[in-house]
Structures are given as structure tokens and as C-alpha cells.
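> Submitted below is the structure of interest, expressed as C-alpha cells.
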Amino acid sequence: MIEKIIKDYLSQKLNNVNVYPVIPNDPPAKFVVYEKTGGGYDDHINRATIAIQSYDESIFKCASLNDEVKKHMINMVELPEISSVKLNSDYNFTDTTRKRNRYQCVFDIYYY
């Protein structure tokens, strides 16, 4: 399951940053949330679109965490079950509901 692969991988790579599938009730100041927003299956290879949101105390810190997430996600091809990771987009995505700074990056991932 791609969600577990992403959680395990980012949890290992991001130092002192909690990685969640949903925003916790009492979130820390700095954390990452991931979500599968789409997917499919072509010629025995799974495809997923994954959105990853980086939260931190300032917009600059969010952008820095977002850059770190992007670097690690692109390097995820080192895993044997991942065949391709491509950055689809990334942008400031301030959470106006919770009044929290946030950046989001979106990836297209092909995996076995």
C-alpha cells in the first residue's frame, strides 16, 4: 500500500518531523500530512497521485520543510517497489480554516 510506504519512508528521512495520514486533534507546530488523491493501474504497475502538506510556524519554515520533503520524495526511487516519482506541482497552500501556515507538493508515483 503506497500510503504505508510513504509514511515509513518520510518518517525515516525527516528528522524530528511527525508524518501523519490526517491532521491530528492536537498537532505539533511542525508536521507533515500526506494523502492519496488519485490513482490507477496500467500494465501491472500501480499509479498514485500523492499530496503532501508541510506545516510549520512561519511560511518560510513551511517552504523549507516542503523543499526537504520534495528532495526525499524524488529520492524514493531508491526503494525497490517504486519505479518513478515525478513532482507534479508545489505551492503555498495556507490553511485559512485553521489559520496555519502550510505548503503543499503533489507527486505522481508509479509503484509495484
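The values are calculated or read from the model by the stated rules, or taken from the named source; none is laboratory data. Note that the structure is predicted; figures quoted are calculated from it, not measured. Neighbour counts are summed over all protein chains in view; Cβ atoms, including those assigned to glycine, are modelled from backbone coordinates with ideal geometry. The protein model used for the area step is the full one, side chains on, heavy atoms only, and it has no ligands, DNA or RNA in it. Shrake-Rupley method; radii C 1.70, N 1.55, O 1.52, S 1.80 Å.
> Which members of the range 28-46 meet the condition of being under 16 Å from L65 (Cα atoms) and open to solvent by less than 70 Å² (accessible area, probe 1.4 Å)?
The answer is P28, A29, F31, V32, V33, Y34.
Okay, residues lined up against (1) in contact with an Asp or Glu (Cβ under 9 Å, 6 or more places away or on another chain); (2) of a type in the set (K, R); (3) modelled with pLDDT of 95 or more:
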site	(1), (2), (3)
V22	yes, no, yes
G39	no, no, yes
I59	no, no, yes
L65	yes, no, yes
H72	no, no, yes
L79	no, no, yes
R98	no, yes, no
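> Filter the range 80-97 down to the residues that are assigned to a strand (DSSP E or B) and acidic (D, E), then identify the one that is least open to solvent (accessible area, probe 1.4 Å).
The extreme case among them is D95.
> Given V77, V22, which one is aliphatic (A, V, I, L, M), assigned to a loop (DSSP other than H, G, I, E, B) and either open to solvent by 30 Å² or more (accessible area, probe 1.4 Å) or farther than 14 Å from Q104 by Cβ (or both)?
V22
> Continuing with this model, one more query. State the number of residues belonging to the range 11-37 that are of a type in the set (D, E) and under 12 Å from the mean Cα position of the chain (by Cα).
Selection size over the range 11-37: 1.
> Could you identify the single residue in A51, A29 that is in a loop (DSSP other than H, G, I, E, B), under 14 Å from R102 (Cα atoms) and free of Cβ contacts under 8 Å to residues at least 60 places away in the same chain?
Exactly one of A51, A29 is in a loop (DSSP other than H, G, I, E, B), under 14 Å from R102 (Cα atoms) and free of Cβ contacts under 8 Å to residues at least 60 places away in the same chain, namely A29.
> Can I ask one more? Among the residues of the range 47-57, how many are surrounded by fewer than 17 Cβ atoms within 10 Å (Cβ to Cβ) and in contact with a strand residue (DSSP E or B) (Cβ under 6 Å, 6 or more places away or on another chain)?
2
> Oh, and also: Can you tell me which residues in the range 1-19 are in a strand (DSSP E or B) and open to solvent by 40 Å² or more (accessible area, probe 1.4 Å)?
N18, the sole residue that qualifies.
> Condition first: at pLDDT 95 or above and either of a type in the set (A, V, I, L, M) or farther than 21 Å from I5 by Cα (or both). Now tell me which residues in the range 42-57 satisfy that.
A48, I50, A51, I52, D56, E57, listed by residue number.
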